[in-house]
Each structure stands twice: as structure tokens, then as C-alpha cells.
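Readers should treat all values here as calculations from the given coordinates under stated rules, not as data from a laboratory. Given the structure is predicted, the values throughout are model-derived calculations rather than measurements. Virtual Cβ from ideal backbone geometry, glycine too; neighbours counted across all protein chains shown.
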Amino acid sequence: MGVEQCHIINLQKIPDPRGNLTVVENSKNIPFDIKRVFYLYDVPGGESRGEHANIYTQQFIIAMSGSFDVVVDDGLEKKRFSLNRAYYGLYIPNMIWRGIENFSSGGVCLVLASTFYSADDYIRDYDDYKMKVLS
């Protein structure tokens, strides 16, 4: 797996004068069934989050409010995605290192995940990650 498999997925935006609506459905507009949802918020300026890879978990990341950058890395190549709209998100397959940075004030990062939480699913040391993916 490489960073070329990380890509933006546009979600249908249903405009309405009373406010827009966007829907995310299991295996329909994202490529997996959702097992877990979590969100990051109140991230202080200059802080970064993520900085890990998941062995099994696929993720779909949406900027629900504000903006932030997601940097993906496969051990050989890095790619940066700037997220700033609630009607599209970034698909990240398993075994891709990711970091989330440059949060705007009031930025909210919503993450949809393909698995339930397990500490054993995380690779938190970049050198360990590179050894696993490049060997």
C-alpha cells in the first residue's frame, strides 16, 4: 500500500436555504463499514495529532469545522491533503502513517474508522513503522 491509495472522496452536498445536508453511508460512499466514530476538537494552535499508522483500520477523515492538513506517509513518499469542507473527506487505507496538523481555530476533525478500537492496531513509533513497511 502506498500514499497513492489515499484520496479525497466527495460526498453529496444537498443544498437548502435552511442549511446544507451531507450523508455518509456504510460501504456506499466510503469504501468500508463504519465501526467507530471519533472526533478531535479544541486542538491548540501549533499542536499536531495522529502520528501513527493502523495495522488493520481504514479511516475516512472529514473537516467538520475549520481546517487542518493531513500528511500521509508510506515510508517512501509523503503527501499532504488540506481539508476544509464538510462535504468531502480523505480516505486512508491501513498501514499508512498519518499526522494531522495546522488546525485552524475552532477546527473539528471527524474520523470514521473500519474497526473498533484496539491498542494492538497502532504503530506509534515511526522507525518501527518503516521497518514493517519497507522490509
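Per-structure values
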quantity	calculated
Partner lysines for residue 28 [C-alpha distance under 25 Å; skip if fewer than 8 residues away on the same chain]	13
Aspartates and glutamates with Cα under 18 Å of residue 79, excluding same-chain neighbours fewer than 8 positions away	4, 51, 69, 101
Gain in span if fully extended, residue 16 to residue 69, counting 0.36 nm per residue against the direct Cα distance	16.3 nm
The chain: relative contact order in percent, alpha carbon pairs under 8 Å with at least 6 residues between	35 percent
Of 120, 33, 69, the one that fluctuates the most in a GNM where the chain has Cα springs shorter than 10 Å	120
Centre separation in Å (Cα based) which lies between region 34-48 and region 61-93	12 Å
Separation between Cα centres of region 102-123 and region 12-31, rounded to whole Å	20 Å
Solution diffusion estimate, µm²/s, Stokes-Einstein, the chain, Kirkwood Rh from C-alpha pairs, 4 °C, viscosity 1.567 mPa s	85 µm²/s
Furthest towards positive pole of dipole, 70, 82, 126, structure part the chain, Cβ charges	82
Estimated 222 nm signal from helices in the chain, with DSSP H stretches of n ≥ 4 weighted -39500 (n - 2.57), rounded to 500	-2000 deg cm²/dmol
